[in-house]
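For reference, the structure discussed in these notes is given below.
Rule-based calculations on the coordinates, nothing more; no lab input. This one's a predicted model, so the numbers in the text were calculated from it and none came from an experiment. Using ideal geometry, Cβ is built from the backbone for each residue, glycine included, and neighbour counts are taken over all protein chains shown.
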Amino acid sequence: MLGPTAKVNATDFGVLINAPMVKILSAATGDDYEIIPKVKPILDISFADVTSNVGGSVSYLDAAQADPLPRTATIGGSIEGGLVYQSANAERKLATFTLIRQADDLLVSRYSSSNYSYKSGLGDIDFIDNVLFGKSNANASVRKGWQLQVAEALYIRGGSVEGPGLAYTTSGYSVSARGFVRLIGFWAPPAVQSWIDDLTKHFDIRYHSSTYSSIGSPITGTTTTAINLVVDGFSF
C-alpha cells in the first residue's frame, strides 16, 4: 500500500560568470602574451550565485502542518592560474592551480513545527567573510577546495567543509590516460600527433582516489577509488 504523496513546484534561479582574463586582455590589446613560443599564461575567474528550491511549502495530510521547502542560497567563486600550450589543433593546459570557495545557507527560519519564514537575499551569507576569507558562521557553511593540475594527466586535490554540524576535510588525486598519451605526443612526428589527437578526443580512462577525514567520525580515514571509461566528443 502506498503512503501519502505530495506534489511540489519549485524553481532554481542562478547566474554564472566566467572571465578568461588573459584572453580578454589579448583581445583588447592585440598582444598574444606568449612567454615562449606557443606557451601562454592563463588566469580565469568564475563567479556563481544560485537560489534553489524557490516555492511555497509541502504537505502530505494536513495543510496546517506544511513543511517549508529547503530553499538554499549558494554563492561562490574560483580562480585558476597557470600555463597553457597552444598546439595547431587545440589548447592544452601544461600546469594550473585552482582555488574555489563556496558558501551555502538554508533560507528557512523555523520557530515551531508549523511556524516558519523564509529569509531574503543571501540569508546569513557574508561574501567577504564566507567566500573571500573562507570563514563559516552560525548559519552559513563554507566549502573550500584547491587543485593542482599537471599536463591534464595528474590532478591533486584537497578541500574542507565547515558549518553548522559539519566539519571534515578531503584529499585525493586523479590520473588521466588521455593526458599522459597527449604528453607523449608532444615529441611524436606530426602524423603520429594527428592520430593521437583524434584518439584522445573521444576516449579516456581515469583513475580517482579520495580520502575523508573528520575528528571523531567512525569513518575518518576512509578512502574511495573509482575508474571511469570516458567516451565523448562524438556528434550525431
(request) For the chain, set up a Gaussian network in which alpha carbons nearer than 10 Å are linked by springs, and say which option among Ser213, Ser174, Ser112 fluctuates the most. (result) Ser112
(request) Can you tell me how much longer the chain between Lys201 and Thr169 gets when fully stretched, taken as 0.36 nm per residue apart minus their C-alpha distance, in nm with one decimal? (result) 8.2 nm
(message) Exposed loop sites here are trypsin sites (Lys or Arg not before Pro) in DSSP loop states with at most 16 other C-beta atoms within 10 Å. What is the longest stretch of the chain lacking them?
(response) 136-236
(message) Give the residue list of chymotrypsin sites (Phe, Trp or Tyr not before Pro) in region 101-197 that are DSSP loop and have at most 15 other beta-carbon atoms within 10 angstrom.
(response) Tyr111, Phe133, Phe186, Trp187
(message) In region 14-53, whose amide N lies under 11 Å from the spot 7 Å out along Cα-to-Cβ of Phe186? List them in ranges.
(response) 39
(request) Please work out the FRET efficiency for the pair Tyr118 and Asn9, using the Cβ-Cβ distance as r and a Förster radius of 22 Å; give the result to the nearest 0.05. (result) 0.90
(message) Can you divide the C-alpha Rg of region 92-236 by 2.2 N^0.38 Å and report the result to two decimal places?
(response) 1.46
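Grab the DSSP H runs of the chain that are 4 residues or longer, score each as -39,500 (n - 2.57), total them, divide by all residues and round the 222 nm result to the nearest 500 deg cm²/dmol.
Roughly -4000 deg cm²/dmol at 222 nm, from the helical runs in the chain.
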(message) What does the net charge come to around Tyr85 if you take all other residues with beta carbon closer than 11 Å to its beta carbon, with K and R at +1 and D and E at -1?
(response) +2
(message) Give me Asp198, Asp44, Asp232, Asp105 sorted ascending by neighbouring Cβ count inside 10 Å, so fewest comes first.
(response) Asp232, Asp198, Asp44, Asp105
(request) Report the calculated FRET efficiency for Ile17 and Leu99 (r = Cβ-Cβ distance, R0 = 22 Å), to the nearest 0.05. (result) 0.85
(request) Please give, to one decimal in nm, the separation of the simple spin-label points placed at Asp67 and His208, each 7 Å out from Cα toward the Cβ. (result) 2.9 nm
(message) Distance cut-off 28 Å, Cα to Cα: go down the list Lys7/Lys119; Lys93/Lys144; Lys40/Lys201; Lys38/Lys201; Lys144/Lys201; Lys119/Lys144 and report the pairs above it.
(response) Lys144/Lys201
(request) Could you work out how far apart the two model spin labels at Ala138 and Tyr33 are, taking each label as a point 7 Å from the Cα in the direction of the beta carbon, and quote it in nm? (result) 4.4 nm
(message) Within region 161-184, name every residue whose backbone N is under 20 Å away from a label modeled 7 Å from Cα of Leu83 along the Cβ vector.
(response) 179-184
